[in-house]
Amino acid sequence: MPDLFKVAKFGGTSMADAAAMKRCASIVQSDPDKKVIVVSATAGTTNLLSELATDISVEQRMAIAEQIREKHIAICSDLEHPDDVLDEVTRLLDELAAIASRKQLMTAMLKDEIYSFGERLSSTIFTQVLKEVSGENIHWFDAREAIITDNNFGSAEPDISEIGLRSKANLEPKLKDARVVTQGFIGSGKNGATTTLGRGGSDYSAALFAEALDADVLEIWTDVTAIYTTDPRIVPDARPITEISFDEAAELSVFGAKVLHPATMVPAIRKNIRVYVGSSIHPEKPGTWIVKDTRRKPVIRAISLRRKQTLLTVHSLDMLHRYGFLAKLFQVLSDHKISVDLVTTSEVSVALTLDSDIHAQGNQILSDEILKELRTFCEVQIEENLSLIALVGNNLDATAGLSGPVFGSLENVNVRVICHGASSHNLCFLVEEKEAEEVVRVLHDRFITKKIKA
Ligand code: ADP
Ligand code: ASP
Ligand code: MG
């Protein structure tokens with residue numbers, strides 16, 4: 001079999017400590033095809049950095065920077081040759097401490113600069129671990145030399161053609177004589193400022209590198225053995241999925257399955273790159289292959305849950321027999337960079353769901369300014385604390401008699417907006433947050449493990 005070109009990504013739990021890093025290094029070492037290794041920050045570090053990047057006191061910031069220092073120095077001290085990497089790690093930690101010690105207001109740009117230390121630290125240490133475990137020469141590569149984005153700090157949009165050019169020019173030559181370790185999550189804006197792709201964005205970075213370098217396979221190594229029929233933290237008897245299609249995996253991730261960042265599948269689909277999801281803790285256990293076309297095409301393959309949904313209902317008699325209302329509404333939302341997920345309309349009202357989670361940097365999803373603008377032409381109602389549940393599979397739009405059993409099994413649940421028919425790969429609806437996990441359990445028992453009979 002000819003050599004394959006693989007991009008392998010290891011997530012935060014896979015980078016938790018020196019032992020976890022050594023396990024990942026063995027996974028890499030055992031496969032010469034794994035040419036580019038993309039790593040996340042060590043477990044919990046991005047959360048700490050996100051706390052540091054708020055408007056707390058300098059003392060509090062310094063305490064967090066110190067916690068991050070201790071954690072990374074401890075990992076280094078468990079290496080065979082800590083001295084080979086300590087200077088660089090200390091330099092990064094000092095740079096972070098210097099930022100933390102400055103009395104300054106946080107800006108979105110500064111937050112991304114702060115976030116970047118997580119991946120810069122973990123990739124520096126992991127390069128050393130991989131050198132020690134494999135005995136090979138390994139290159140460290142600054143992802144900001146290839147992942148070019150716009151300046152939308154906090155969830156920057158990648159510039160695909162520029163990423164293609166820079167990866168070929170700056171990264172590919174390094175692969176001639178060694179593997180490359182780089183960072184997920186971070187990129188570089190137009191003027192060179194550090195940007196990030198949104199929380200969980202390392203999967204997306206790895207997919208972007210895979211696309212840019214024409215990889216055959218993208219591997220996502222994480223803390224679960226596979227993609228499961230639902231989040232195993234919610235349903236312990238969820239089942240691992242052996243094979244799933246690009247479209248289904250894309251829907252699952254967009255609708256909340258955290259195992260993949262929602263945009264991960266986009267580059268993979270563009271370049272038809274197979275994706276493997278496996279466990280860095282139990283690499284021997286079978287994982288999930290995400291491929292263009294699957295042999296089995298069940299109607300319901302998996303169930304996902306996305307929390308923190310906001311339901312915006314707008315009401316206006318102007319909608320009745322008029323045109324232009326929806327265009328005006330969406331223009332306001334687009335001007336404020338609000339992304340809309342589900343939409344349902346009646347003659348005089350429109351209900352839209354918005355994801356409050358992507359505004360995790362502390363901003364209120366609908367600012368007073370947007371509300372004021374909307375209220376000039378419609379009545380506005382907002383409901384929070386909702387969750388979006390999606391059944392993901394095949395031919396869901398064309399399967400007769402599906403909604404009866406689905407909603408019949410949720411008799412006592414207040415189901416809000418339902419979207420059925422827009423995609424053949426999902427049926428989704430909103431429920432109250434406090435009922436959401438139970439709804440997932442009931443649907444999983446009924447349609448996946450089939451414990452509950454019709
Ligand atoms: P990493 O740090 O490796 O990126 P994440 O925490 O981002 O890992 O993603 C892995 C987690 O995704 C799992 O621990 C699991 O709780 C969650 N998850 C949600 N839905 C699913 C699913 N359908 N299959 C597997 N894991 C899922
Ligand atoms: N370290 C980043 C985060 O925690 C990116 C990632 O892990 O994918 O969000
Ligand atoms: Mg992740």
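Since every read-out is calculated from the coordinates, none of them should be taken as a lab result. This is a predicted model, so every value here is computed, not measured. Neighbour counts are summed over all protein chains in view; Cβ atoms, including those assigned to glycine, are modelled from backbone coordinates with ideal geometry.
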Seminar exercise, completed: quick note, the chain, DSSP beta bridge pairs, % antiparallel (nearest 5) is 60 percent
Exercise. If you wrap a convex hull around the Cα atoms of the stretch 284-423, how much volume per residue is inside, in Å³?
Worked result: 188 Å³
For this session: Place the peptides 115-127, 277-289, 54-66, 383-395 in order of packing, highest mean first, counting for every residue the other Cβ atoms within 10 Å and averaging per peptide.
Result: 115-127, 383-395, 277-289, 54-66
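When Lys and Arg each count +1 and Asp and Glu each count -1, what net charge do the other residues less than 15 Å away from ILE163, Cβ to Cβ, add up to?
-3
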Exercise. Could you put VAL217, VAL36 in order, starting from the residue whose Cβ has the fewest other Cβ atoms within 10 Å?
Worked result: VAL217, VAL36
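Once R0 is set to 25 Å, what does the formula 1/(1 + (r/R0)^6) return for the Cβ-Cβ distance between LEU4 and ILE160, expressed as a FRET efficiency to the nearest 0.05? Numbers along the way, then the final one.
Details: r = 23 Å, r/R0 = 0.91.
E(calc), rounded to 0.05, equals 0.65.
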Seminar exercise, completed: Scoring only Lys, Arg, Asp and Glu (+1, +1, -1, -1) among other residues with Cβ under 12 Å from the Cβ of VAL266 yields -2
Exercise. Taking N as the number of residues in the chain, what is its alpha-carbon radius of gyration divided by 2.2 N^0.38 Å?
Worked result: 1.03
Problem set entry | Cα centroid separation, the stretch 275-319 to the stretch 392-429 (Å) | 15 Å
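Can you give me the relative contact order of the stretch 1-120 as a percent, contacts being Cα pairs under 8 Å and 6 or more apart?
Details: 124 pairs, mean separation 34.5, N = 120.
Over the stretch 1-120, the number comes to 29 percent.
Can you give the extra length, in nm with one decimal, that the chain gains between PHE377 and ASP17 once fully stretched, where that is 0.36 nm per residue apart less the Cα-Cα distance?
The PHE377-ASP17 span can extend by a further 124.1 nm.
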Exercise. Where the eigenvalues come from the Cα gyration tensor of the stretch 11-143, what are the semi-axes √(5λ) of the equivalent ellipsoid, largest first, in whole Å?
Worked result: 28, 14, 12
Exercise. What ranking do THR344, THR230, THR225 get, fewest neighbouring Cβ atoms within 10 angstrom at the top?
Worked result: THR344, THR225, THR230
